[in-house]
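K.L.:
This is the structure, below, for whatever I ask next.
The values are calculated or read from the model by the stated rules, or taken from the named source; none is laboratory data. Because the structure is a prediction, the values reported are computed rather than measured. No Cβ is skipped: glycine too gets one built from the backbone with ideal geometry, and neighbour counts run over all protein chains shown.
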Ligand SMILES: C[S@@+](CC[C@H](N)C(=O)[O-])C[C@H]1O[C@@H](n2cnc3c(N)ncnc32)[C@H](O)[C@@H]1O
């Protein structure tokens, strides 16, 4: 998969993509990530990419021209262009699965007061990573790249993400490692029993208990 990230702050990404599983996925050729500076596409003599709001109001708005030119330069028939915006649909694990099947994603990061509304016309979808407002789309882009990259075949084992939270509308079961007792807290006996059927039953029960406690909304789905 190829991912292009369109941003005004390209340097924010280097460290994040140069660690751990994403770094390995890049090295293995599972994902090819390109960071594109939107400013490189401005035709403004002063390199401007934003301007004041028509009708009045605080802040600066990202202008159409550099973003249209940038997307048109990069987009192919296999591309899905995603605008990152708090007013988009809320990103969920199911979307990560769907997007991990795409050939080419273009993630458009906003900043300041956001985008000129007409930029939506060149995007295929608008995504928000949650009901809060960040200063820019760079962290949302990192969230989306991370969540998709780990789902690409051969990046982590299938078993790892099949057991993850949200896979079947339930939260993951609790896990423990050595030692058996830490500061008086014991690993549940059933996990030491070696009885796989009982362990499975226990985990299933815990998944429902945790989901009921923390995310009852998932059970309604
Ligand atoms: C300060 S925000 C603009 C907020 C905009 N005025 C609004 O209220 O919808 C600047 C940029 O950060 C990004 N951003 C902020 N919060 C986000 C979120 N929850 N999900 C996705 N992108 C977000 C978007 O790219 C947005 O254009």
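K.L.:
Looking only at the stretch 177-221, which residues are touching a strand residue (DSSP E or B) at 6+ places or on another chain (Cβ under 7 Å) and at pLDDT below 95? If you could, list the steps in order and put the result at the bottom.
P.N.:
First, pick out the residues of the stretch 177-221 that are touching a strand residue (DSSP E or B) at 6+ places or on another chain (Cβ under 7 Å): 180.
Matches in the stretch 177-221: none.
K.L.:
Please work out if residue 133 is more than 16 Å from the ligand (Cβ to nearest atom) and not in a helix (DSSP H, G or I). Don't jump to the end; show me each part of the working.
P.N.:
Values: more than 16 Å from the ligand (Cβ to nearest atom): no; not in a helix (DSSP H, G or I): yes.
Judged against the criteria, residue 133 is not a match.
K.L.:
Additional query: How many residues are in contact (Cβ under 8 Å) with a residue 40 or more places away in the chain and assigned to a helix (DSSP H, G or I) if we restrict to the stretch 211-221?
P.N.:
The total comes to 4.
K.L.:
In the stretch 168-200, how many are outside any strand (DSSP E or B) and over 27 Å from residue 92 (Cα atoms)?
P.N.:
The qualifying residues number 19.
K.L.:
Condition test on residue 145, is it within 16 Å of the ligand (Cβ to nearest atom) and either closer than 19 Å to residue 107 by Cα or part of a loop (DSSP other than H, G, I, E, B) (or both)? So that I can check it myself, show each step before the final result.
P.N.:
Numbers: within 16 Å of the ligand (Cβ to nearest atom): yes; either closer than 19 Å to residue 107 by Cα or part of a loop (DSSP other than H, G, I, E, B) (or both): yes.
Considered against the rule, which asks whether it is within 16 Å of the ligand (Cβ to nearest atom) and either closer than 19 Å to residue 107 by Cα or part of a loop (DSSP other than H, G, I, E, B) (or both), residue 145 comes out as yes.
K.L.:
Residue by residue through the stretch 81-100, note down the ones that are touching a residue at least 40 places away in the same chain (Cβ under 8 Å) and either outside any strand (DSSP E or B) or in contact with a helix residue (DSSP H, G or I) (Cβ under 7 Å, 6 or more places away or on another chain) (or both). So that I can check it myself, show each step before the final result.
P.N.:
Our first condition is that a residue be touching a residue at least 40 places away in the same chain (Cβ under 8 Å); within the stretch 81-100, this holds for 81-88, 90-94, 96-97, 99-100.
If the condition is that a residue be touching a residue at least 40 places away in the same chain (Cβ under 8 Å) and either outside any strand (DSSP E or B) or in contact with a helix residue (DSSP H, G or I) (Cβ under 7 Å, 6 or more places away or on another chain) (or both), then 81, 83, 84, 91, 92, 93, 94, 96, 97, 99, 100 are the ones that fit.
K.L.:
Moving on to the next point. Mind checking which pairs have a first residue in the stretch 151-177 that is touching a residue at least 12 places away in the same chain (Cβ under 8 Å) and a second that is surrounded by fewer than 11 Cβ atoms within 10 Å (Cβ to Cβ) and part of a loop (DSSP other than H, G, I, E, B), Cβ under 8 Å, 6 or more apart or different chains?
P.N.:
169/221
K.L.:
Exactly one condition in (1) near the ligand (Cβ under 8 Å from one of its atoms); (2) at pLDDT below 95 is false for residue 168; which is it?
P.N.:
The one condition residue 168 does not meet is (1).
K.L.:
List, please: which pairs have Cβ atoms under 6 Å, are six or more places apart or on different chains, and start with a residue in the stretch 101-125 that is farther than 16 Å from residue 32 by Cα and assigned by TED's automatic domain parsing to the domain that holds residue 67 and end with one that is assigned to a loop (DSSP other than H, G, I, E, B) and within 11 Å of the ligand (Cβ to nearest atom)?
P.N.:
Listed by first residue and then by second, the contacts come to 109/137; 110/137; 111/8; 112/59; 113/59.
K.L.:
Sticking with this structure for a sec: Of all residues in the stretch 101-113, which are closer than 14 Å to residue 66 by Cα and in a loop (DSSP other than H, G, I, E, B)?
P.N.:
109, 110, listed by residue number.
K.L.:
Here is a further query. I'm trying to understand the selection: among the residues of the stretch 110-130, which are within 8 Å of the ligand (Cβ to nearest atom) and over 12 Å from the mean Cα position of the chain (by Cα)?
P.N.:
Correct list: 110, 111, 112, 113, 114, 115.
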